[in-house]
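First up is the structure itself, then whatever we jot down about it.
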Amino acid sequence: MARTPTQGQGDFGRDRGGSEEPEFLDKLVHINRVAKVVKGGRRFSFAALVVVGDGRGRVGFGNGKAREVPEAIRKATEAAKRSMIRVPLREGRTLHHDVSGRFGAGRVVVRAAPPGTGIICGGPMRAVFETMGVQDVVAKSIGSANPYNMIKATFEALGDCMSPRSVAAKRGLKVGEIVSRRGSAPAASRD
């Protein structure tokens, strides 16, 4: 029987045009191997910590556990896509203001930086900023070096970020009044 071009191709062409989900960047931050001792020996399972972002201010993290590494990474990636948050960026390259966050024994301080600075921070935090699309930021981890606590503290800090537009709307001011105070705040505190 002669095959026509449409037979045998299955769902190959259906997925490409109709996908509304934006393209995500994902980074594997940490893999933990856990051994359970049973009668016949040891059973290994794996836990993966993954950060996912769209490169334009949306970022999320998730962890997954499974008997195989690829399955744990897949579960973690799906969990990260479900828990994404949007962070307002200044000029699409840095944060609007300095923030700090805490989770457990992990503390982080995140500071906005001028153009050309790059991403200056530790490993797990670097994955968050790279997938989020931040180009200039300085961050410091104080306390725990546990990647789970560092990521959660970073997300707590990023959750406190606000754009001048949202601050102006809350206070009933104009955006220009909020932004003009940015440069004059240190001078006012010195007087």
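If you go through the stretch 136-175 one residue at a time, how many are outside any loop (DSSP other than H, G, I, E, B) and touching a helix residue (DSSP H, G or I) at 6+ places or on another chain (Cβ under 7 Å)?
Filtering the stretch 136-175 for residues outside any loop (DSSP other than H, G, I, E, B) gives 137-143, 147-159, 164-171, 175.
Add one more test, that the residue is touching a helix residue (DSSP H, G or I) at 6+ places or on another chain (Cβ under 7 Å), and what stays is 137, 139, 141, 147, 150-151, 154, 164-165, 167-168, 175.
Qualifying residue count, the stretch 136-175: 12.
Among the residues of the stretch 58-78, write down those that are of a type in the set (Gly, Ala, Ser) and buried (at least 18 other Cβ atoms within 10 Å of the Cβ).
Taking the stretch 58-78 first, the residues of a type in the set (Gly, Ala, Ser) are 60, 62, 64, 66, 72, 76.
Across the stretch 58-78, the qualifying residues are Gly60, Gly62, Gly64, Ala72, Ala76.
Please enumerate the residues belonging to the stretch 103-150 that are surrounded by fewer than 17 Cβ atoms within 10 Å (Cβ to Cβ) and of a type in the set (D, E, K, R).
Lys140
For a quick check of your reading of the model, give me the residue pairs whose first member lies in the stretch 28-44 and is surrounded by fewer than 10 Cβ atoms within 10 Å (Cβ to Cβ), whose second is assigned to a strand (DSSP E or B) and small (Gly, Ala, Ser), with beta-carbon atoms closer than 6 Å and at least 6 apart or on different chains.
Arg42/Ala35
So in the stretch 80-95, with the set limited to residues that are of a type outside the set (A, V, I, L, M, F, W, C) and assigned to a loop (DSSP other than H, G, I, E, B), which one is nearest to Ile151 (Cα to Cα)?
The initial filter retains those residues of the stretch 80-95 that are of a type outside the set (A, V, I, L, M, F, W, C), namely 81-83, 86, 88, 90-94.
Imposing the further condition that a residue be assigned to a loop (DSSP other than H, G, I, E, B) reduces the set to 83, 88, 91-93.
Numbers: Ser83: 13, Pro88: 18, Glu91: 24, Gly92: 22, Arg93: 20 Å.
Within the stretch 80-95, the match that is nearest to Ile151 (Cα to Cα) is Ser83.
May I ask you to list pairs of residues, at least six apart or on different chains, whose Cβ atoms are under 8 Å apart, with the first in the stretch 63-79 being in the same structural domain as Val29 (by TED's automatic domain parsing) and in a helix (DSSP H, G or I) and the second being surrounded by fewer than 16 Cβ atoms within 10 Å (Cβ to Cβ) and of a type in the set (D, E, K, R)?
Matching pairs, first to second residue: Ala72/Lys65; Lys75/Lys65.
How many of the residues making up the stretch 122-135 are touching a residue at least 40 places away in the same chain (Cβ under 8 Å), closer than 18 Å to Val29 by Cα and either among the hydrophobic types (A, V, I, L, M, F, W, C) or not in a helix (DSSP H, G or I) (or both)? Give the steps one after another, and end with the answer.
Taking the stretch 122-135 and keeping what is touching a residue at least 40 places away in the same chain (Cβ under 8 Å), we get 123-124, 127-128, 130-135.
Narrowing the set further to residues that are closer than 18 Å to Val29 by Cα leaves 123-124, 127-128, 130-134.
Keeping just the survivors that are either among the hydrophobic types (A, V, I, L, M, F, W, C) or not in a helix (DSSP H, G or I) (or both) gives 127-128, 132-134.
Number of matching residues: 5.
Of all residues in the stretch 96-121, which are over 23 Å from Ala80 (Cα atoms) and either touching a Ser or Thr at 6+ places or on another chain (Cβ under 7 Å) or in a strand (DSSP E or B) (or both)? Break it down stepwise before answering.
Going through the stretch 96-121, the residues over 23 Å from Ala80 (Cα atoms) turn out to be 96-98, 111-118, 120.
Listed by number, the residues that qualify are His96, Arg111, Ala112, Ala113, Ile120.
The values are calculated or read from the model by the stated rules, or taken from the named source; none is laboratory data. Values in this document were obtained by computation on a predicted structure and should not be read as measured data. Please note: Cβ atoms are built from the backbone with ideal geometry, for glycine as well, and neighbour counts cover all protein chains shown.
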